[in-house]
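The values are calculated or read from the model by the stated rules, or taken from the named source; none is laboratory data. Everything numeric here is computed off the predicted structure, so don't read it as measured data. Quick reminder, even Gly has a Cβ in these numbers, built from the backbone with ideal geometry, and neighbours come from all protein chains shown. Remember, those area values only see protein heavy atoms, side chains included, never the ligands or the DNA or RNA. Shrake-Rupley method; radii C 1.70, N 1.55, O 1.52, S 1.80 Å.
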Amino acid sequence: MKMSITRGDVFDYIEQNRDVIRFILLFIGFCTVFYLLFYRFMDYFSFLEDITASVLGFLLSLSGMDVTVNGNNVTLDGLGLRIIDECTAIFGAIVYLSCILAYPTNPGKKVIGIAFGFPALYAINMVRLVVLAVVGVSTPEAFEYVHTYLWQTIFIVFVIIIWLIWLDRVVR
């Protein structure tokens, strides 16, 4: 059985899904612009690495660990960690911001989403880094897996969950 798709079918599909298509295109556009801006001006954002390293060092020291922080380098119990831009939650924040800005709602609700979402993502990222440091010290052979696969996936899920919470609690 041969199916034929006409131009009218395509236009009908686009019309029926216009809001979803608009969201996706805006999301891709915002992500592209923000990533390009970040990479163009990334030298100006390097302070985020140092701040993240300092916060991580402080949190780890609360547990009694002997921690040294030097710029974006954190050393504890023989483990050396270098905090790079990917460790600062900036990329998750860009995706989250793009979702917020692309969604069709009023600016006030978008501001609320950004004001609560960014700190939540940063806090989750700090939990991620603390867990990674503990894994690196206690089970070094698992560090790469936990860092590269487990927490990357978990963080993406948290970006989506925080966005969905914003949709549910603020937008609707």
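For residues that are under 20 Å from Glu49 (Cβ atoms) and touching a helix residue (DSSP H, G or I) at 6+ places or on another chain (Cβ under 6 Å), tally how many sit in the stretch 134-158.
Qualifying residue count, the stretch 134-158: 5.
Might you let me know whether the stretch 86-100 holds any residue that is within 25 Å of Tyr35 (Cα to Cα), touching a Lys or Arg at 6+ places or on another chain (Cβ under 6 Å) and aliphatic (A, V, I, L, M)? Spell out how you get there, then give the answer.
Let us first name the residues in the stretch 86-100 that are within 25 Å of Tyr35 (Cα to Cα), namely 86-100.
Still in the list and also touching a Lys or Arg at 6+ places or on another chain (Cβ under 6 Å): 100.
The next check asks that each one be aliphatic (A, V, I, L, M); those that pass are 100.
The answer is yes; a qualifying residue exists.
I need a count of the residues in the stretch 120-162 that are under 16 Å from the mean Cα position of the chain (by Cα) and open to solvent by 40 Å² or more (accessible area, probe 1.4 Å). Working first, answer last.
Step one: of the stretch 120-162, the residues under 16 Å from the mean Cα position of the chain (by Cα) are 120-129, 147-162.
Filter again for open to solvent by 40 Å² or more (accessible area, probe 1.4 Å), leaving 122-123, 127, 147-150, 152-154, 156-158, 160-161.
The number of residues fulfilling the criteria is 15.
Identify all residues within the stretch 64-97 that are touching a residue at least 12 places away in the same chain (Cβ under 8 Å) and among the small types (Gly, Ala, Ser); write none if there are none.
Residues satisfying the conditions are Gly71, Gly78, Ala89, Gly92, Ala93.
Could you list all residues from the stretch 36-59 that are within 17 Å of the chain's Cα centre (by Cα) and of a type in the set (Val, Ile, Thr)?
Of everything in the stretch 36-59, those that are within 17 Å of the chain's Cα centre (by Cα) and of a type in the set (Val, Ile, Thr) turn out to be Ile51, Thr52.
So which of Leu132, Leu150, Leu121 ends up being of a type outside the set (Gly, Ala, Ser), in contact with a strand residue (DSSP E or B) (Cβ under 8 Å, 6 or more places away or on another chain), within 29 Å of Asp77 (Cβ to Cβ) and in a helix (DSSP H, G or I)?
Working: Leu150 fails: in contact with a strand residue (DSSP E or B) (Cβ under 8 Å, 6 or more places away or on another chain); Leu121 fails: in contact with a strand residue (DSSP E or B) (Cβ under 8 Å, 6 or more places away or on another chain).
Leu132 is the lone residue from the list that is of a type outside the set (Gly, Ala, Ser), in contact with a strand residue (DSSP E or B) (Cβ under 8 Å, 6 or more places away or on another chain), within 29 Å of Asp77 (Cβ to Cβ) and in a helix (DSSP H, G or I).
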